[in-house]
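The values are calculated or read from the model by the stated rules, or taken from the named source; none is laboratory data. The shown structure was predicted, so the numbers you read here are calculated from the model rather than taken from an experiment. Here Cβ is always computed from backbone atoms with ideal geometry, including for glycine, and neighbour counts include all displayed protein chains.
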Amino acid sequence: MATLSLCMIVRDEAWILEECLAAARPQVDQLVVVDTGSVDGSREIAAAHADRLLDFSWCDDFAAARNHGLDAATGDWILVLDADERIAPADYPRLREAMADDTVDGYYLPQHNYGDDQTAWGWRPVGEHRALARGYSGYTINPILRLFRRKDGICYQGRIHEIVDGTIAEGRRSELPVPLHHYCHANSERPRRARGERYQAMLERELAGDADGRLYGIAAAGAMHSKGDYRRAKDYFLRAAALGYEPQRCLEGAAEACYRDGDFGAAGDLYQRLYRDGYRTASLCLNLANLAVRRGDRSGALGLLRECLALGGLGPAVNDVIERNIKHLEGA
């Protein structure tokens, strides 16, 4: 049977690290932890669980830190987790089964990012995952390649928002429906805004080089959500789309940035372009409906609000408001 190494990088994660390592330790054959300069006791916690505990002098390069851990792994396959992520114990056997497939070198896992912002793109209620939601009302999904074969040439690339995807042939990648539960908002004491701004500064430096569309897309999201710089977000989203990175999703991001910036004309043009091309999301229909109301098109707004709900809406609280607005427009 193929063996599995869990590789992690940590820094000042004492608030959640013990729980993470204790949960994962019985499920893997080797646990490798790379500490990048903790001062809160994380290193001591890791020492109690890890087979290999390594130190790494931080150099603003996440890929280098990840690869330092990969070099110490001995398993046939590698699983990568962050301290605020979990895989349910019942799902580990599915990882083991997937590792037996000789035609695959890497699997994308659906990362469930828990939160309560029902207007977030792709937000969905917790449903069957309620027991693992830690009180959050829903989550968004981000497919991320975190289970891969330990093999020469497979390694992380990118100083920030690092990925292994580019070192695994496209035909050797697959998807595995094992949720990666991510509690990205769980630590109320962590200065998320400051950390987001630090990451954004690193991204800006990367964009000065030969950046790809993916990094422009990530930088666009950071500019919009972390810094509230909607004009820069729009430019980055458009650049990402032009470079072929999830073009329709990035065009929707550019439209939302314009909408938040109050540039309703540009937002409407982009939304209408996507709508005419057959692209649909609940958030697109909702914002188009709001724009229709602004120009007095109540009939158009009504149809778009109904379409928004038909696509699943944006969470219970937002859906309640939509339903009230539908009744209002029907009676107008």
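Under the condition of being assigned to a helix (DSSP H, G or I) and either over 18 Å from the mean Cα position of the chain (by Cα) or on the phi > 0 side of the Ramachandran plot (or both), which residue from the range 203-230 is modelled with the highest pLDDT? First the steps, then the outcome.
Initially, the range 203-230 is screened for residues assigned to a helix (DSSP H, G or I), giving 203-207, 213-225, 230.
Restricting the remaining residues to those that are either over 18 Å from the mean Cα position of the chain (by Cα) or on the phi > 0 side of the Ramachandran plot (or both) gives 204-207, 230.
On the way: Glu204: 75, Arg205: 77, Glu206: 76, Leu207: 81, Tyr230: 95.
Taking the candidates together, the pick is Tyr230.
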Can you tell me which residues in the range 81-93 are of a type in the set (A, V, I, L, M, F, W, C) and in contact with a helix residue (DSSP H, G or I) (Cβ under 7 Å, 6 or more places away or on another chain)?
-> Leu81, Ala83, Ala88
In the range 99-144, what residues are basic (Lys, Arg) and buried (at least 17 other Cβ atoms within 10 Å of the Cβ)?
-> Arg124
Pair list, Cβ < 8 Å and 6+ apart or interchain, from the range 221-236 residues that are outside the structural domain of Leu203 (by TED's automatic domain parsing) and touching a residue at least 40 places away in the same chain (Cβ under 8 Å) to residues that are buried (at least 18 other Cβ atoms within 10 Å of the Cβ) and outside any helix (DSSP H, G or I) | none
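So that you can scan it fast, the table gives a plain yes or no per residue for (1) more than 32 Å from the chain's Cα centre (by Cα); (2) surrounded by fewer than 17 Cβ atoms within 10 Å (Cβ to Cβ):
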residue: Arg294; (1), (2): yes, yes
residue: Gly300; (1), (2): yes, yes
residue: Leu304; (1), (2): no, no
residue: Gly313; (1), (2): no, no
residue: Ala317; (1), (2): no, yes
residue: Ile322; (1), (2): no, no
residue: Ile326; (1), (2): yes, no
Taking Ala22, is it surrounded by 24 or more Cβ atoms within 10 Å (Cβ to Cβ), among the aliphatic types (A, V, I, L, M) and in a helix (DSSP H, G or I)?
-> no
Counting only residues that are part of a helix (DSSP H, G or I) and within 16 Å of the chain's Cα centre (by Cα), which one in the range 164-194 is modelled with the lowest pLDDT?
-> Arg192
Scanning for something touching a Gly at 6+ places or on another chain (Cβ under 6 Å) and not in a loop (DSSP other than H, G, I, E, B), does the range 107-128 turn up at least one residue?
-> yes
The range 25-43: number of residues that are at negative phi and in a loop (DSSP other than H, G, I, E, B) = 6
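Take Asp71 and tell me if it is surrounded by fewer than 18 Cβ atoms within 10 Å (Cβ to Cβ) and closer than 19 Å to Leu145 by Cα.
Working: surrounded by fewer than 18 Cβ atoms within 10 Å (Cβ to Cβ): yes; closer than 19 Å to Leu145 by Cα: yes.
Taking the combined requirement at face value, the residue satisfies it.
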Looking only at the range 21-61, count how many residues are under 23 Å from the mean Cα position of the chain (by Cα), over 26 Å from Leu95 (Cα atoms) and in contact (Cβ under 8 Å) with a residue 40 or more places away in the chain.
-> 2
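Considering only residues that are acidic (Asp, Glu) and exposed (fewer than 14 other Cβ atoms within 10 Å of the Cβ), which ones fall in the range 85-98? Walk me through how you get there before you give the answer.
Taking the range 85-98 as the starting set, the residues that turn out to be acidic (Asp, Glu) are 85, 91, 97.
The one that is acidic (Asp, Glu) and exposed (fewer than 14 other Cβ atoms within 10 Å of the Cβ): Glu97.
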Only one of (1) under 30 Å from Gly138 (Cα atoms); (2) in contact with a helix residue (DSSP H, G or I) (Cβ under 6 Å, 6 or more places away or on another chain) does not apply to Arg52, and that is (1)
Only unsatisfied item for Gly265, checking (1) surrounded by 14 or more Cβ atoms within 10 Å (Cβ to Cβ); (2) farther than 20 Å from Glu246 by Cβ; (3) modelled with pLDDT of 95 or more; (4) not basic (Lys, Arg), is (1)
Search the range 74-94 for residues that are at positive phi and pair each with any residue that is modelled with pLDDT of 95 or more when their beta-carbon atoms are under 7 Å apart and the residues are at least 6 apart or on different chains.
-> none
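Suppose the filter is modelled with pLDDT under 90 and on the phi > 0 side of the Ramachandran plot; does Gly135 pass it? Give the derivation first.
Values: modelled with pLDDT under 90: no; on the phi > 0 side of the Ramachandran plot: yes.
No; evaluated as a whole, the condition is false for this residue.
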Does Asp101 satisfy being more than 29 Å from Ala201 (Cα to Cα) and of a type in the set (Asp, Glu)?
-> yes
Kindly provide the set of residues from the range 155-167 that are surrounded by 20 or more Cβ atoms within 10 Å (Cβ to Cβ) and in contact with a strand residue (DSSP E or B) (Cβ under 8 Å, 6 or more places away or on another chain), ordered by number.
-> Tyr156, Val164
